[in-house]
Amino acid sequence: MWGGRFAAGPSAIMREINASIPFDKALWRQDIAASKAHVAMLGAQGIVSAEDAAEIASGLDSVADEYERDGVPEDWDLEDIHMTTESRLAALIGPVAGRLHTARSRNDQVATDFRLWVRDAMDQADAGLAAFQRALVDRAEEHAASIMPGFTHLQTAQPVTLGHHLMAYYEMAARDRSRFADARDRANQCPLGSAALAGTGFPIDRHATAAALGFDGPTANSLDAVSDRDFALDYLMAAAQCALHLSRLAEEFVLWASQPFGFVSLPDSFSTGSSIMPQKRNPDAAELVRGHSGRIIGCATALMVTMKGLPLAYSKDMQDDKPPVFEAASLLALSLAAMTGMVAETTFRAERMRAAAENGYATATDLADWLVRVRGIPFREAHHITGAAVKLAEQRGVALDALGLDDLQAIDTRIDDGVFAALSVEASVAARASHGGTAPVEVRKRVAEARAALARDGDRT
């Protein structure tokens, strides 16, 4: 490849450190597609003859068929997927294959291939998130009125519905999808034709190759096009945020599946056993999703650190851009599939959840709200009265609504028996019918809106 300049070949160590074919062979589909677009443009522009362009395109199809059937061979002397493909093309069609590399460099070639791959990864993440959302919506509708404790500081705070809780993750997933969509829009510019760093003197048509590959247009600056990987970082940052959301739900499933909580029974298909304790049902899938989030965050950090000090334009450090992206994409796809399956198949123990919601004085805020709404007491004073009522209930070991009217009036004479209608967990959740609240009527309304949004997504695809 570059023997004209060098009298001796690389050392074994240099050969090993320099070769990227073990991982960048994953780009073969994108490399074939970009090469076909490039040679079609060369033929249309008269830079190569129509006959040579057709022969090269046919040869590339043959190489693609071989890769599909047999996999991509790993010859470290050829370094990467680009030279591997060009070498095989030459073996199939002869010297005319050398015309393919006219008016391009491996720098713009890899930048184009990698953008195509990352764009596909963004689309796959979006599809995985949409499936995750559908599972959440289905279970939220089923449990729109199932009461559970809502927590702050992992302490019982106020009653909520399980449907409301699950729809919180639907909203997180919606924002994750918007991040991938924004990143895709920014990434959808084509570097092909930027050549090594300065563009080319050949009369190429960059708009034609961009359109052929589904890009919105060509990149505007050849130096920028070959030397930045912000599109990959955008993907990794979106993937990291998505993984954080999945990890939070995974953590809740781990907690809820434990005996002290007992809120869920995870399906056998997403659980494992113990080699020594036959009674165990371990939430390993959820724990691995939680663990994968750390690895995905690490992938984002790795590429940021690789890029942080590089001068323009291309540097060989950038060969290490692909492994963290490939790893993150694989982990994210697994995590999304696992959490979607767990949400769809988990048994939620609604009675256990409701019983837990009655503990911890979860309706204390409802007592304070009643004092404000019905008796016109300032909230801070109502808060103090309610605190005294909770203290009394705690001393007696009873629920707040188990205190008698005499007990409550001994704390404040303005309390009457109308307060008891506000102190049940059902009344508490039903009262919170403000927009975005936990009331079953609001949950069902949001579920309907989510189903309509997901249906529109399906129509667009």
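The values are calculated or read from the model by the stated rules, or taken from the named source; none is laboratory data. Note that the coordinates shown come from a computational prediction; the quantities given were computed from them, not determined experimentally. Cβ placement follows ideal geometry from the backbone for every residue including glycine, while neighbour counts extend to all protein chains displayed. The protein model used for the area step is the full one, side chains on, heavy atoms only, and it has no ligands, DNA or RNA in it. Shrake-Rupley method; radii C 1.70, N 1.55, O 1.52, S 1.80 Å.
In table form, for the structure just shown:
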| read-out | value |
| --- | --- |
| Charge sum, other residues only, whose C-beta stays under 15 Å from R115's C-beta, Lys/Arg counted +1 and Asp/Glu -1 | -4 |
| For I147, residues with placed amide H under 5 Å, excluding near neighbours | L162 |
| Surface share of carbon and sulfur [accessible, 1.4 angstrom probe, percent] for the chain | 53 percent |
| Radius of gyration and maximum dimension Dmax of region 79-176, Cα, Å | 25.5, 75 |
| Listed peptides 107-115, 162-170 by packing density, highest first (mean Cβ within 10 Å) | 107-115, 162-170 |
| Rg/Rh for the chain, where both radii come from Cα atoms and Rh is the Kirkwood radius | 1.15 |
| Long-range tail of P(r) for region 196-318 (Cα pairs > 24 Å, %) | 55 percent |
| Amide H contacts under 5 Å for A157, placed H, 5+ residues apart | G150, F151, T152 |
| Under the Karplus curve 6.51 cos²θ - 1.76 cosθ + 1.60, θ = phi - 60°, whole-Hz ³J(HN,Hα) for region 191-201, x wherever Gly or Pro sits | x, 4, x, 6, 6, 5, 6, 10, x, 9, x |
| Segment R295-F420, length gained on full extension (0.36 nm per residue, minus Cα span) | 40.0 nm |
| Accessible area of region 291-390 divided out per residue, in Å², using a probe of 1.4 angstrom | 46 Å² |
